[in-house]
Amino acid sequence: MPIQGGKYVSPNWQNGGPPAIDAEELNAMSDKLEELDGTTFGNGLSFASGTVSAKLSTQSNNDLSFGADGGLYSPPYTQGNGITISGRQISARLSTAQGNTLSLGSDGGIFAPESGKRYARVVVGTSASGWTSQDCDYLCTGTGDETTIQSAIASLPSGGGEVVLLDGTYNISSASISITGNNISIKGNGSATTLKAASELNAPLLNITGSDCLIRGLVVDGNTGNTNDIFGIVVGSASAPANDCVIVQVTVQNFRGGGVEILNGADISIRSNTFSNCDIGIALNVDATGLTINGTISGNTFSNCYYGVGQPDSTGTPSAPVEMDLLIYGNLVDYPSAKSGYGIRLSYVSGLSVVANTFSGYPIGVSIQNTGGLCIGDNVFQTTLRGVVLASCTGASISGNMCSDNNQGIRIVGPSSHIAISGNVCDSGTNGIYLGGQVTDISVAGNTCNGNSDSGIQVYVNTADTTASDLSITGNTCSGNGSYGIELNCSNSSGQITNCIVSGNITTENQDHGIFLSRVQDSSVTGNTSSGNTDDGGHACGIYLNTNCNSNVISGNQLSENASSGIQINSGNMCVIAGNFFTGGYTGIHTQGAQYLTVTGNLFVGYTASADDAISLGASSQNCLVSSNNLVGQSVANSGSNNTIENNKTS
C-alpha cells in the first residue's frame, strides 16, 4: 500500500486519481461500515460512528499486527512490574515490601496480605445519645457498656488499632474495660465523651496491661454516688509492665481511690490531663522491689485531690527504694483552703525529679521520705504549712524554688544526708529553711530567707545522743527575720552540732542575733556580714555563741551597728576570734564564760560603751589570750582570771 502525501495511491489508478465509483459499489461500502460500527479489535483498536480509535501502550515493542484470521492483534504488555494486561484481562502483582498492602486477587477482588503492618479503626456509639447502628460499628445501650466496648477492643487485629468513642456517656457497671494487647488507642471527643462508673462498680474503669497504648480526649468519671475505693485508670500489674503508654487530654474526676494508678511500666507519659475530686490524682504503687515506674507526669492540673501525686494506702514497705526515672514537670497542683493534704507525697523511691510545678493551697507542697536520687527544682510553693519536706533521705538537690508564706519553706529532718539546698527564696514564713535532727553533709548555699517570723535558716537538734554534722551554710541572705538570721541550736545536753561551716552570709536587721550558735563544736564562722541586728531589749549581737560552743573559729567577719556586741561568747572553750572587723554597736567582743579563748588580729572602730571597751572579758572568762588587735583608741576590760592581754594597738 504505497502512501504519497499522507494518502493511499493505488498503482493501478489512471491519471493519478481513483477510478469512478458507481452507486452499487458505494452502497456496499456503506453497508460494510455499518456492520463494523461499534466493533473493538483486541484491546487496542475500536471503530465507532465512522471513526477508528487506537489505545497505544507507553511501552516500546508493543506493535499492532494482523492475525491469521485477518484481524488486528495487540500483544500482551506489562505496566512496570506490577500490572499486566493480556487480551481483556488486567492482573496485579503486589510486592512483599512494607507499604504495599492491597492487590487484585485471582477472582478479581482486592486482597490484603497477612505480611506487613495492619491497622484497624472501630467506632463505638451509644443509643442513649441518639446514635444508631448505621453510625458506628458497635452500639452501646447506656447500661453495662463495658461489654460492648470490650467487644470492640477484641475485634482489633493482633497488631493493634483504634477504638473511637462517639459523643455520649458510657456506663461501666460490673467490670473493668481491659486493654491487654499492644498498640491500642481509646479516643473520645473531649468533654463530650464520658466513661462513667455505675454506683455499684468495684473495679477500675480502665485496666491497661498492654504496651504502646493511648488513652486520649475523654472524661473518666468515678461517680460521686460510688462509695468504693476504685481507680479510674490502672497501668500495668505486678506481673505485666505496661510500657510506653500515654494518657493525654483526659479529665479524671470523682474517684475515692484515685485517678490513675501506675503499678508497673516504663516510659509512661501522663500529660495535659485534669484530675479533680480524687483521693489521689496519680498514685504510684511501690509496694515491692523489682517493679519499674518511670516516665513523665507533665502539664496536668490537679484540683481538690488530697494527694496530687502519692501512694495508695495499701502500699507496703519494699526492702529497698524502687528505682525510678520519673519526671514530674510543669503541673498545677491546687487544693484551695485545704486543712490537710499534700501536693506530692512519696516514699521508698529513687530517681525522682520534681521540676517547675506550682503548688497552692495545700498545707504541704512536696513530702518525700526514705528516698535517694531526688531533684526538686524551680517550683513555686504557696502552701500554708511547708513547701518541701524531706525525711530520712540520702542524695537530693533542692534548688531554685520559691517558697512564700509557708510555716517552713524547706524542712529537712534526719536521718538525712548528702543534700544540696541552693538558690531558693524562702520568705515571709516561720522559718525559711529548717534542718532538724540527725542531718549530715548538707549544703545550704545562695538562698534568700527574709521576713520570716522566726529564724531565716535554722538547724535544730533537740533529741538526746543526736548529732548534726558536716553542714555548710554559705552565701545566704537572711534579713528582717523575727528571730535569728542563722541559727545552729542544739537544745539537748547530750546532743551536738559539729564540723560545720557558716561562711559568706549576710544577716542584717533581724530581730535577734544575726548568727546564733549553741552546743556547736569544731566549726567555723567566717567571712559573714552581720549588721543592724536589734531587739526590744537591746541584746541582739552580730554573732552569739550561747552554750558549750567549743573549738570554733570565728574569723574575717564584718560586724557593724548591732544593738549589743559584735561577737558574744556566753559559754565556750578553745575558740579563736581572729581578723574580724567591728564598727558601731555597744561592744566589739564580750565574753562571759569563755575559757582558753584566743582573740587576735581584729580591728575595732567606734564603740560606745561607757568605758570605751572594744573587748570585754567577763568574770567567768579564764586563760584567754587577747593579742595583736587594733583597738583604735579603745581598751580591753578584763574581769576574768589568768587572761593574757598583750601587744594590742590602742592608738
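The values are calculated or read from the model by the stated rules, or taken from the named source; none is laboratory data. Note that the structure is a prediction, hence the values are computed from the model and not measured. For neighbour counting, all protein chains shown are included, and Cβ atoms are generated from backbone atoms with ideal geometry for every residue, glycine included. We work out accessible area using only protein heavy atoms, side chains counted, and drop any ligands, DNA or RNA first. Shrake-Rupley method; radii C 1.70, N 1.55, O 1.52, S 1.80 Å.
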**Request:** Take the alpha-carbon centre of the range 458-503, take the same for the range 340-388, and report the distance between them in whole Å.
**Result:** 23
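From the convex hull of the Cα coordinates of the range 371-476, what is the mean projected area in square nanometres?
Average of the hull's projected areas for the range 371-476 equals 5.6 nm².
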**Request:** Order these peptides, 639-645, 487-493, by their mean beta-carbon neighbour count within 10 angstrom, highest first.
**Result:** 487-493, 639-645
**Asked** Could you state the principal axis extents of the C-alpha atoms in the range 477-587, from the largest down, to the nearest angstrom?
**Response** 33, 28, 24
**Fill in**
Inter-part gap, Cα centre of the range 174-208 to Cα centre of the range 245-263, in whole angstrom, is 10
**Prompt:** Accessible area per residue of the range 528-642 at 1.4 Å probe, in Å²?
**Reply:** 35
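Could you order the peptides 330-337, 306-313 from most to least packed, using the average number of other C-beta atoms within 10 Å per residue? List each step's numbers first, then the result.
Numbers: 330-337: 19.1, 306-313: 22.4.
Highest mean packing first, the order is 306-313, 330-337.
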**Asked** What is the sum of charges around F231, taking Lys and Arg as +1, Asp and Glu as -1, for the other residues whose C-beta is under 13 Å from the C-beta of F231?
**Response** -4
**Prompt:** With Cβ to Cβ distances under 13 Å as the rule, what net charge do the other residues near F516 carry (K, R +1; D, E -1)?
**Reply:** -3
**Request:** First select every other residue whose beta carbon is under 12 angstrom from the beta carbon of G343; then total the charges, Lys and Arg +1, Asp and Glu -1.
**Result:** +1
**Fill in**
Checking rank on 622-628, 339-345, with mean other Cβ inside 10 Å and highest first, the result is 339-345, 622-628
